[in-house]
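Throughout, read-outs are computed from the coordinates displayed, never taken from laboratory work. Quick caveat, the model's predicted, so the values are computed rather than measured. Here Cβ is always computed from backbone atoms with ideal geometry, including for glycine, and neighbour counts include all displayed protein chains.
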Amino acid sequence: MKKTIAMLPGDGIGKEVMDGAKEILKAIGEQFHHTFTFQYGKIGGEALDHQNDPLPEETLALCKNSDAVLLGAVGGPKWESNSPEKRPEKGLLRLRKDMKLHANIRPVKAYESLADHSPFKKEYVENVDMVIVRELTGGLYFGKPSERQHAGGKESAVDTLFYSKEEVDRIIRTAFEMAKGRKMKVTSVDKANVLESSRMWRETAEEIAKEYPDIELEHMLVDNAAMQLIKNPARFDVIVTENMFGDILSDEASVLTGSLGMLPSASLSEEGLHLYEPVHGSAPDIAGKNLANPLAMILSAAMMLRQSFGMEAEAEAVENAVKRVLDGGKLTPDLAVKGKTILSTVEMVEEVKAVLAEEDAILSIMEAYA
Ligand code: IPM
Ligand code: MG
């Protein structure tokens, strides 16, 4: 197959982890005889520095002319005092909106070999296998007005949590569809005891649940969900929630896996052009030091192979390689504990590649005998 991938490394460690994902994709391309064409675009702080726009037109065009988009991370202290429209994050938010990426899928799966790295007791985290379905183009992030106001000489600020029924319907459906192939359970997280938007959310979830009689639906208030994620994380299968709630809960859930550096994500549009990015940010403190964990980015690339290109075997090859490297006790500093080998970003990528090559060699021997 021939596929064109838009590569938006962005800021901070975004560049390093993106280089890693590219190496792995090149290896997969060779092994499975695919041609991947990588086309680079600027976004976030880097785009601001060059074009004074966090999402230049050409970047958007490049994305729309590709088969899938990979994104590293955006943001950093350099641009922190910029005006709202000139912030790196604005580039990412505009991209999500322009590409209509309404559903952000964030799988949280504990790796057995990392169970000791989580600050939680092993028995709590070992069976964790959930997906957070975060609504991505509405809610508190996009509602209008969102501004500073100066009425009557007094300063105030407002953000708006707005949802159309249609938007809620669409994301809840996505969650139910995901639950089908999993443990058949949807936890809809809201704040229905306070927010009107949450009461509509809850009603909508109830309506849709009728169409999926085999899937269990439960409602949970977001404050309780934050607690349950720590108290009993293995109880969750698919969590579906508002944009900002999902942002917060997914960072929290990442701790269960041992590191935010492990979490991939897929942002899906109804039109079929999707974007894949790690859940972690640009980590300016370690940027450029070859210390970042590239696995969340590599696992995001695996999600792309499966979801956008239908390359199931290729995706599994990458995921298995990652698992084998972790099982071998070789880890980046975010995961490392005493007695384990600490790898740099580049070394981690090399390890994953080495395992991929090994698997490839075994497969060709098996084929030769078949
Ligand atoms: C995320 C990030 C972004 C978000 C930031 C960088 C705008 O935290 O993808 O979770 O809040 O959505
Ligand atoms: Mg976040």
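Numbers at a glance
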| read-out | value |
| --- | --- |
| Most mobile listed residue (Gly329, Gly14, Gly91) in the chain, GNM with C-alpha springs under 10 Å | Gly329 |
| Members of Lys64/Lys183; Lys122/Lys183; Lys64/Lys180; Lys22/Lys323; Lys78/Lys231; Lys22/Lys330 lying beyond 28 Å, as alpha-carbon distances in this model show | Lys64/Lys183; Lys64/Lys180; Lys78/Lys231 |
| Modelled FRET efficiency - R0 22 Å, Lys100 with Glu57, Cβ distances, 0.05 increments | 0.80 |
| J(HN,Hα) series, region 164-179, from Karplus relation 6.51 cos²θ - 1.76 cosθ + 1.60, nearest Hz, glycine and proline x | 7, 4, 4, 5, 5, 3, 4, 6, 5, 4, 4, 5, 5, 4, 5, 5 |
| Gain on full stretching of the segment that runs from Ala370 to Gln149 - 0.36 nm per residue minus C-alpha separation | 72.3 nm |
| Estimated D of the chain in µm² per second, where Rh is the Kirkwood radius over Cα pairs and Stokes-Einstein applies at 20 °C, 1.002 mPa s | 100 |
| Theoretical ellipticity at 222 nm over the chain - DSSP helices of four or more residues, -39500 (n - 2.57) apiece, nearest 500 | -13500 deg cm²/dmol |
| Kirkwood-Stokes translational diffusion coefficient of region 34-143, alpha-carbon pairs, 20 °C, 1.002 mPa s, µm²/s | 130 |
| Counted charge near Arg306, where neighbours are those whose Cβ lies closer than 14 Å (Asp, Glu -1; Lys, Arg +1) | -4 |
| Three-way shape call for region 119-257 based on the alpha-carbon gyration tensor, with the a/c threshold at 1.5 | oblate |
| Cα shape, region 9-77, gyration tensor, a/c 1.5 rule | oblate |
| Contour excess over end-to-end distance, with Cα ends at Lys121 and Val194 and 0.36 nm allotted per residue | 22.9 nm |
| Top positive-direction residue, dipole computed over the chain with Cβ charges, set Gly76, Val279, Ile24 | Gly76 |
| Student exercise, region 119-257 dipole from Lys, Arg, Asp, Glu Cβ charges, in Debye to nearest 20 | 180 |
| Karplus 3J(HN,Hα) series, Hz, for region 67-74 with 6.51 cos²θ - 1.76 cosθ + 1.60 (x for Gly, Pro) | 8, 6, 10, 10, 10, x, 6, 10 |
| Stretch gain in nm, segment Glu359-Lys86, where the contour uses 0.36 nm per residue and the Cα spacing is subtracted | 93.7 nm |
| Inter-probe distance in nm under a simple model that places probes 7 Å from Cα toward Cβ, at Lys323 and Glu207 | 4.0 |
| Cα point-scatterer Debye curve for region 113-182, base-10 log of I(q)/I(0) at q = 0.19 Å⁻¹ | -0.84 |
